Amino acid sequence: MPRTGKISKSVFDTVIAPRLGADREDVRLGPQHGVDFGVIEVGDQAVALATDPISILPDLGLERASRFAVRIVLADVAVSGLDPSHLTISFSLPPTMTDETFASIWTAIHEECAALGIEVITGHTARYAGCSLPWVGAATALAIGETDAILRPDGARVGDNLIMTTGPAVEATAVLASLFPEAIDCADSRLARVAAMLDELDVVRDARALSAIEGVRAMHDITEGGLLGGLHEMARGAGVQFDIDTDRVPSDDDVVAICSCLDMDPWRATSSGSMVVAVEPHATASVLAALDDRETRAAVIGTVESGGGVVVDGDATGRPTADSSWPVYEALLEATDESSPEWSIASASPTHKAEEDANRYVIR
């Protein structure tokens, strides 16, 4: 049975990459496995685009879940170095969703876009049999700017410093602490504090603060596969080696405690809201200062070296093949007896769980 989550690189390379329609001269960056966005050139300007599914978990609260969902969509184009400006959005809603419920979702998305200066320019909204929460559609974010301002995801170069924002597994633990506080054997104060972190995760505004700093080479939003997965994607794209020091990775004690309670590897857990940034040494202080001004935790976690792959504390690592948070989510759903076909993030899959167990790489 195919595992849940993003398709493998081998499927991308053999099925998708060779079949991309017409070969147009205005495409400056096309689809690449592990790359967040594409770029087309229009006249003397560049348009960066990124498409993502829309996932809304009602138990987070509709407005809160909707704001978080649109931030995830916008993050993938924000790391291009251009400021997101336009959004297209398509909803495939369950037939049971009322107009009032949809109004709550749409209002929250409108308010977040308005606060960021982003306008919705087109879309599609309908109810269809077979559709269910949380996966209710998809959206494409656009950003327009100078071609020279684009930060390519493969832009890391030997000698650069690597900066991480926020820390590993904050998104995953914040979602789980919000949804299952009664089922996690951890102090209530820890769970409440980490749950509240979900509202603070904001790659768009962090990326906006860094994009104008000369010496920023690349930014990458850390999603499926977590920190380790994101590091491997960046290093492979640039054809370099990342040397990482565990002790320098920003860490939150409450997040670590919840990961320990759940036996969840924080370095392989989805961490949307966190970024890895490749920076020339002379720009490192400016980047850290800009993030500090935003009250975003950040630290230099390593350097870019010649070679290939990701080395952690002197040991080579393998790229994750699964996200450590998904089996935990499935187990918590089962334990709380709240699972329903309508709200399940991913179907429990013995293949998926076995694959995750086989690839566990716990770093405390």
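In the range 298-322, what residues are among the charged types (D, E, K, R) and in contact with a helix residue (DSSP H, G or I) (Cβ under 6 Å, 6 or more places away or on another chain)? Across the range 298-322, the qualifying residues are Asp313, Arg319. Considering only the range 38-54, how many residues are surrounded by fewer than 17 Cβ atoms within 10 Å (Cβ to Cβ) and under 25 Å from Ser92 (Cβ atoms)? Adding up the residues that qualify gives 2.
Results for (1) modelled with pLDDT under 95; (2) assigned by TED's automatic domain parsing to the domain that holds Ile144; (3) closer than 25 Å to Met219 by Cα, shown as yes or no for each residue.
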position: Pro31; (1), (2), (3): yes, yes, yes
position: Val35; (1), (2), (3): yes, yes, yes
position: Val39; (1), (2), (3): no, yes, yes
position: Leu57; (1), (2), (3): yes, yes, no
position: Arg67; (1), (2), (3): no, yes, yes
position: Pro95; (1), (2), (3): no, yes, no
position: Thr98; (1), (2), (3): no, yes, no
position: Trp106; (1), (2), (3): no, yes, no
position: Glu111; (1), (2), (3): no, yes, no
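Filtering the range 47-86 to residues that are assigned to a strand (DSSP E or B), touching an Asp or Glu at 6+ places or on another chain (Cβ under 7 Å) and of a type in the set (A, V, I, L, M) leaves only Ala50. Can Thr284 be described as closer than 20 Å to Pro168 by Cα and among the hydroxyl-bearing types (Ser, Thr, Tyr)? No; evaluated as a whole, the condition is false for this residue.
Note on the range 111-136: among residues that are under 21 Å from the mean Cα position of the chain (by Cα) and surrounded by 15 or more Cβ atoms within 10 Å (Cβ to Cβ), the one that is farthest from Ser90 (Cα to Cα) is Leu116.
Number of residues in the range 28-46 that are assigned to a loop (DSSP other than H, G, I, E, B), of a type in the set (Asp, Glu) and touching a strand residue (DSSP E or B) at 6+ places or on another chain (Cβ under 7 Å): the value is 1.
Candidates Glu280, Glu334, Glu330: the one that is at pLDDT below 95 and either over 25 Å from Arg71 (Cα atoms) or over 22 Å from the mean Cα position of the chain (by Cα) (or both) is Glu334.
Asp59 fulfils the conditions (1) in contact with a helix residue (DSSP H, G or I) (Cβ under 7 Å, 6 or more places away or on another chain); (2) within 25 Å of Gly145 (Cα to Cα) except for a single criterion, (2). Among the conditions (1) surrounded by fewer than 15 Cβ atoms within 10 Å (Cβ to Cβ); (2) within 22 Å of Val276 (Cβ to Cβ), Ile72 misses just one, which is (1). Among the residues here, Ala22 does not qualify as out of contact with any Phe, Trp or Tyr (no Cβ under 8 Å at 6 or more places or on another chain), modelled with pLDDT of 95 or more, of a type in the set (Gly, Ala, Ser) and under 15 Å from Val77 (Cα atoms).
The values are calculated or read from the model by the stated rules, or taken from the named source; none is laboratory data. Since this is a predicted model, take the numbers as computed values, not measurements. Quick reminder, even Gly has a Cβ in these numbers, built from the backbone with ideal geometry, and neighbours come from all protein chains shown.
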